[in-house]
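A short write-up of the structure that comes next.
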Amino acid sequence: MNKITYREALNQAMCEEMERDANVFLMGEEVAEYNGAYKVSQGMLDKFGPKRVIDTPITELGFAGLGVGAAMAGLRPIIEFMTWNFAILAMDQIVNAAAKMLYMSGGMYKVPVVFRGAGGSAARVAAQHSQALENWMANVPGLKVVMPSNPADAKGLLKAAIRDDDPVVFIENEINYGDVGEVPAEEYIIPLGKADIKRPGRDVTLVAHSRMTGFALAAAEELAKQGIDAEVIDPRTIRPLDEKTILQSVAKTNRCVVVEEGWRFAGIGAEISARIMEKGFDDLDAPVLRVTGKDVPMAYAANLEALTLPSVAEIVEAARVATGRA
Amino acid sequence: MATKEENASGTPALVFEGREHSLESLHEMHDMMLFIRRFEEKAGQMYGLKKIGGFCHLCNGQEAVCVGMQHAARPEDYMLTSYRDHGHVLARGSDPTAVMAELLGRAGGIVKGKGGSMHMFDAERNFVGGNGIVGEQVPIGLGLGFSSWYRDDGRVTLCIMGDGGINQGGVYESFNMAALWKLPVVFLIENNQYAMGTSLDRASAETHLFKRGISFKIPGMQIDGMDVLAVEKHMSEAIEHARSGQGPILVEAITYRYRGHSMSDPATYRTREEVDEWRTGRDPIARLENQMIEAGLASEDEFKQKDREIKKRVTAIAKEAEAQPEPDPAEMWTDVYANPIEDAYPYPGKVG
Ligand SMILES: Cc1ncc(C[n+]2csc(CCOP(=O)(O)OP(=O)(O)O)c2C)c(N)n1
Ligand SMILES: [Mg+2]
């Protein structure tokens with residue numbers, strides 16, 4: 001095992017795959033000479049040269065489309081969005097082109113592109129730079145949506161995403177970039193579409209992805225002190241969703257809280273709770289509860305920002321309600 | 001060159017390329033540039049003390065663009081820009097305490113603490129943001145210009161973007177429509193040579209950005225953005241062009257930001273010599289001071305005294321802003337809808 005940061009894990013995944021496959025290249029704003037706005041691509045220009053690590057102008061729609069076309073021609077682009085807020089400009093290429101190309105072409109054109117970058121809120125960057133949009137992407141057939149919560153998952157999942165023949169939306173989290181975690185020293189891949197039980201427990205299932213996995217684990221610690229044994233599941237891949245692991249857990253705990261940073265309306269929690277209702281209704285002893293970001297744009301003021309984001313305390317409270325202890 | 005003259009009524013003035021500036025107007029421009037400089041320095045300090053959070057983009061070095069264009073515009077003209085907006089909103093005449101309070105996330109912030117550094121707005125002064133997504137303000141500016149065409153209200157829109165922002169596709173869609181319908185818009189490019197860590201030549205095939213409108217038949221001019229009198233003169237011409245119904249015009253102001261892109265950028269992509277060359281050789285505030293001193297219109301001591309006063313004023317503003325409370329927590333739920341429907345928040349995010 002090696003102890004590395006989340007950003008180093010992503011860097012290693014890209015470097016290893018670029019060494020393995022000459023068709024893989026990295027393109028985005030500030031990825032080369034600046035070593036990445038968040039230093040995820042540190043050293044990659046030196047290692048691979050300007051043909052494979054490419055700085056772009058600020059033209060998200062254009063270079064996302066470039067990624068689609070290059071992938072159709074057999075390359076394996078990694079297209080970095082400085083943050084997913086800016087990928088909104090590229091949504092046509094992601095949703096209308098990348099996601100549907102294989103289907104529209106009757107299976108002729110695969111689009112093995114990875115769109116990656118930071119999603120969710122950073123700190124105090126206000127409405128246009130603080131939003132979790134994974135539910136938008138996860139709504140689209142043809143896309144795979146991956147959101148790692150720790151360094152080991154980040155590395156193994158990104159390698160899988162790069163090797164995958166479909167367009168993968170890979171959403172990182174800026175606040176997690178500095179997190180340190182143990183990562184296997186030998187090469188490994190984490191298959192897409194597999195959830196991970198981050199903490200086993202008997203009393204209540206907490207489902208949480210990306211930065212919220214850490215929040216759920218912290219809530220589980222607090223709940224343990226109160227005599228509630230929470231199981232924490234990280235779906236890791238949002239689409240396709242590993243509902244089996246979630247349903248098995250709920251069959252054991254009979255209670256579930258879904259946590260997400262994004263807005264509640266038609267969110268990931270809505271999807272998961274609907275699936276539990278459809279396929280695990282008889283296992284439930286209480287309604288599935290959701291802890292989400294508040295249904296408002298993100299404000300700048302520190303107090304409003306804290307209120308808008310989900311908190312560990314809210315997760316604890318929801319788990320207490322779900323287990324009848326509130 | 002600027003020369004000292006006396007106008008018809010015998011009051012002292014300075015003539016720059018045929019335009020006469022009264023002593024009062026010169027002092028106004030100078031004082032506002034210096035005020036913006038000291039305000040930004042204070043903001044930088046407050047950021048260092050973690051009193052300001054998130055992204056904070058300062059405009060040190062670019063003051064002449066903000067102030068010169070403001071002096072060329074009318075109060076009813078619309079102005080909108082990117083996230084590097086403190087200088088513009090201050091030049092527009094907004095309450096500096098409210099701007100500082102916004103940076104600090106306070107209740108009395110210019111947008112109630114909701115927007116922070118990147119999202120300054122002042123409807124009363126027709127300042128339409130403060131936009132965080134690169135290039136986003138350009139089509140919005142087009143829409144403001146359209147409204148003036150539609151209403152024939154005689155207003156001009158000053159639509160400001162960076163040398164990085166110029167490469168967004170929406171800019172060209174806007175250029176085409178603005179030219180097609182002859183909308184009263186001045187597209188102003190603040191070419192400060194860098195978009196984050198990317199120098200102009202690494203992002204733009206055509207680095208003469210004022211030519212970017214040619215294929216849309218939009219006339220363009222390049223101006224010295226480090227000279228407030230040049231900015232005032234050429235922006236006046238550009239605004240007149242747009243106001244007279246001749247359609248949009250493109251102005252590229254050559255300028256430089258002294259600080260990093262934002263407070264977290266060490267700016268290692270450029271040399272200290274390069275920064276010094278601009279800072280000491282072309283500083284817009286020192287330049288106007290020298291012009292005024294050479295013309296015998298002011299003295300060095302006078303400017304030193306002013307600087308002391310402005311610094312004091314900025315310190316007082318920061319103190320006053322800091323003393324304000326944070327926004328009321330209930331503000332989290334306001335301003336989402338102009339016509340909130342009853343139970344507009346069916347998901348308050350509360351458990352139970
Ligand atoms: C669509 C979009 N892409 C990327 C960013 C990140 N970003 C913020 S500022 C910036 C550089 C913009 O440079 P320029 O337009 O020259 O303006 P300046 O900062 O120099 O004033 C970038 C890439 C963003 N905010 N929006
Ligand atoms: Mg720039």
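The table for this structure:
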read-out	value
Any hit, segment A:42-61, residues being touching a residue at least 40 places away in the same chain (Cβ under 8 Å) and within 12 Å of chain B (Cβ to nearest Cβ)	no
Residue under evaluation residue A:140, criteria (1) surrounded by 24 or more Cβ atoms within 10 Å (Cβ to Cβ); (2) of a type in the set (A, V, I, L, M); (3) in a loop (DSSP other than H, G, I, E, B), criterion not met	(1)
Test: residue in segment B:197-208 that is within 16 Å of ligand 1 (Cβ to nearest atom), open to solvent by 50 Å² or more (accessible area, probe 1.4 Å) and either in contact with a Phe, Trp or Tyr (Cβ under 8 Å, 6 or more places away or on another chain) or in contact (Cβ under 8 Å) with a residue 24 or more places away in the chain (or both)	yes
Any hit, segment A:168-178, residues being in a helix (DSSP H, G or I), more than 14 Å from every other protein chain (Cβ to nearest Cβ) and aromatic (Phe, Trp, Tyr)	no
Selection within segment B:53-72 - away from ligand 1 (no atom under 14 Å from the Cβ), crowded, with 24+ Cβ neighbours inside 10 Å and in contact (Cβ under 8 Å) with a residue 40 or more places away in the chain	B:64, B:67, B:68, B:69
Scope segment A:179-223; condition more than 17 Å from the chain's Cα centre (by Cα) and in a loop (DSSP other than H, G, I, E, B); matching residues	A:184, A:185, A:186, A:187, A:188, A:200, A:201, A:202, A:203
Residue in segment A:40-59 that is within 15 Å of ligand 1 (Cβ to nearest atom), among the aromatic types (Phe, Trp, Tyr) and either open to solvent by less than 40 Å² (accessible area, probe 1.4 Å) or in contact with a Lys or Arg (Cβ under 7 Å, 6 or more places away or on another chain) (or both) present	no
Residues located in segment A:27-39, provided they are of a type in the set (D, E, K, R) and either modelled with pLDDT under 95 or surrounded by fewer than 22 Cβ atoms within 10 Å (Cβ to Cβ) (or both)	A:33, A:39
Inter-residue pairs, beta-carbon under 6 Å, first within 14 Å of another protein chain (Cβ to nearest Cβ) and at negative phi and in segment B:148-173, second acidic (Asp, Glu) and near ligand 1 (Cβ under 9 Å from one of its atoms), 6+ apart	B:162/B:190
Given (1) open to solvent by 40 Å² or more (accessible area, probe 1.4 Å); (2) at pLDDT 95 or above; (3) away from ligand 1 (no atom under 16 Å from the Cβ), index of the condition residue B:269 fails	(3)
Residue match in segment A:89-97 (condition: within 16 Å of ligand 1 (Cβ to nearest atom), under 27 Å from residue A:8 (Cα atoms), within 14 Å of chain B (Cβ to nearest Cβ) and within 15 Å of the chain's Cα centre (by Cα))	no
Residue within segment B:125-133 that is touching a Pro at 6+ places or on another chain (Cβ under 8 Å), over 29 Å from residue A:59 (Cβ atoms) and away from ligand 1 (no atom under 13 Å from the Cβ) present	yes
Hits in segment A:298-316 - residues which are at the interface with chain B (Cβ under 7 Å from one of its Cβ atoms) and closer than 15 Å to residue A:124 by Cβ	A:299, A:300, A:301, A:302, A:303, A:304, A:307, A:308
Some residue of segment A:317-325 being facing chain B (nearest Cβ under 8 Å), open to solvent by 10 Å² or more (accessible area, probe 1.4 Å) and touching a Lys or Arg at 6+ places or on another chain (Cβ under 8 Å)	no
Selection within segment B:153-185 - open to solvent by 20 Å² or more (accessible area, probe 1.4 Å) and within 16 Å of ligand 2 (Cβ to nearest atom)	B:162, B:167
Residues satisfying the stated conditions in segment B:115-131, i.e. touching a Gly at 6+ places or on another chain (Cβ under 8 Å) and part of a loop (DSSP other than H, G, I, E, B)	B:115, B:119, B:120, B:121
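Residues checked against (1) assigned by TED's automatic domain parsing to the domain that holds residue A:174; (2) part of a helix (DSSP H, G or I); (3) within 16 Å of ligand 2 (Cβ to nearest atom); (4) among the hydrophobic types (A, V, I, L, M, F, W, C):
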residue: A:22; (1), (2), (3), (4): yes, no, no, yes
residue: A:42; (1), (2), (3), (4): yes, no, no, no
residue: A:94; (1), (2), (3), (4): yes, yes, no, yes
residue: A:110; (1), (2), (3), (4): yes, no, no, no
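The values are calculated or read from the model by the stated rules, or taken from the named source; none is laboratory data. Everything numeric in this text was worked out from a predicted model, so none of it was measured. Cβ sites come from the backbone with ideal geometry, for glycine too, and all protein chains shown count toward neighbours. With ligands, DNA and RNA removed, areas are computed over all heavy atoms of the protein, side chains included. Shrake-Rupley method; radii C 1.70, N 1.55, O 1.52, S 1.80 Å.
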